[in-house]
Amino acid sequence: MATADIHIRRAADLDRLRRPPRPPFRIRLDLPGLSEEDRALTEARLARLAAPCGCTEGAIGLLAGLLPAALVWMGTVQMATLARTGLTLGVVVLAMLAGKLVGLARARLRLGRELERLRCRAKHPASRAQNVTPDR
């Protein structure tokens, strides 16, 4: 599978990351005012935020769903075993999916904030604090 390149040269190009291509893709930043170190770190952060999976939050949702699932299992003793099992598994799966959706939404919000930060930085590169020591 070929890797798509997303080349960002100016602030307007950042909008292309709102709907990136399917992974794998590579982001290349050539914005004014970015040092090589900042560029590399920002490219990695953008790549991570632009292609989230929500797996961590899904796993947390799965673990959080185990307690309600146990309560459902214990509270449905009179139900047939198959129905009881299905209901319990349904609670776990719903909790896991809810966690995954929360993870994807968080990543989208973080991506939006990161793009805004970069957009401001690209529009006003001279406003960044310069680490210049005065001549004596």
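FRET efficiency for the pair Cys53 and Leu82, taken as 1/(1 + (r/R0)^6) with r the Cβ-Cβ distance and R0 = 41 Å, rounds to 0.80. For region 33-72, the equivalent ellipsoid derived from the Cα gyration tensor has semi-axes of 39, 8, 5 Å, listed largest first. For region 4-126, relative contact order (Cα pairs under 8 Å, six or more residues apart, normalised by length) works out to 33 percent. Each Cα pair of region 4-126 feeds into the Kirkwood radius, which the Stokes-Einstein equation turns, at 20 °C and 1.002 mPa s, into a diffusion coefficient of 126 µm²/s.
Read-outs throughout are calculated quantities, based only on the coordinates presented, and are distinct from any laboratory measurement. These figures come from a predicted structure and were not determined experimentally. Here the Cβ is made from the backbone with ideal geometry for all residues, glycine too, and neighbour counts use every protein chain on show.
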